[in-house]
Amino acid sequence: MAQLMAGWGLPPNTGRIWAYLLLQTGPASLDEIAGELGIAKSGVSVGSRQLVQLGLARGMGERGSRRLRYEALHNLEAIFAARNASLVTFLERLRQGTGVAPPGVARERLAEMADMVQALADEVPAFLQRLREMRQENERRRA
């Protein structure tokens, strides 16, 4: 995971944290993560927030405390839904850029990119539905 995340331009520790959270049976505190992985608590805090922003984890309040506990989102449906929100924002920025770019190659490139992102965004709901159906079928088989 560390190498994968580094390839996405994220710190390797962010990948290590996500891998750790994926292997846990419940939420973990920053102290627990830092202790288990040998990472400074500040680095765990930054990595955990990055995972939340990417839709790969969520932070939950701890009853009677201001501390957060983190857990990985292992449900692909939730991950893709979170990423789709970012995709829609990206599409909006591309459309804005297309509207203000001077006529010519730059505007055409932005418009082409926006069209491709739009096509992808249009496919996400159907993809999410297929994931739900697949999960339901797997649950039926196990029952």
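No value in this document is a laboratory result; all are computed from the given coordinates. Since the structure is predicted, the reported quantities are computational estimates derived from the model, not experimental observations. In this analysis, Cβ positions are derived from the backbone assuming ideal geometry, glycine residues included, and neighbour counts consider all displayed protein chains.
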Sequence-distant residues sharing a close amide H with Ser29 (under 5 Å, placed H)
Tyr70
Ala57 neighbourhood, Cβ < 11 Å, K/R = +1, D/E = -1, net charge +2
When a/c reaches 1.5 or more, the comparison of a/b and b/c decides; with that in mind, is the chain rounded, prolate or oblate per its Cα gyration tensor?
oblate
For Glu77 and Glu32, what does the FRET efficiency come to when R0 = 25 Å and r is the distance between their Cβ atoms, rounded to the nearest 0.05?
0.40
For the range 76-142, what relative contact order do you get, as a whole percent, if you take Cα pairs closer than 8 Å and at least 6 residues apart?
40
Spelling out what I want: for every residue of the range 87-92, take phi, set θ = phi - 60°, compute 6.51 cos²θ - 1.76 cosθ + 1.60 (Karplus), and round to whole Hz; glycine and proline get x.
5, 5, 5, 4, 4, 4
Net lengthening on full extension, Arg93/Gln24 (0.36 nm per residue, minus Cα-Cα)
21.1 nm
State the dimensionless ratio Rg/Rh of the range 90-143 (Rg: radius of gyration of Cα atoms; Rh: Kirkwood radius).
1.37
What length, rounded to one decimal in nm, is gained on full extension from Leu4 through to Arg107, with 0.36 nm per residue of separation minus their alpha-carbon distance?
33.8 nm
Mind listing the long-range amide H neighbours of Ala57? Cut-off is under 5 Å, sequence gap 5 or more, other chains count too, H placed in the peptide plane at 1.01 Å from N.
Val52, Leu73
Give me the percent relative contact order of the range 9-143, please, defined on Cα pairs under 8 angstrom at least 6 residues apart.
19
Cα extents of the range 2-72 per principal axis, largest first, Å, are 39, 24, 21
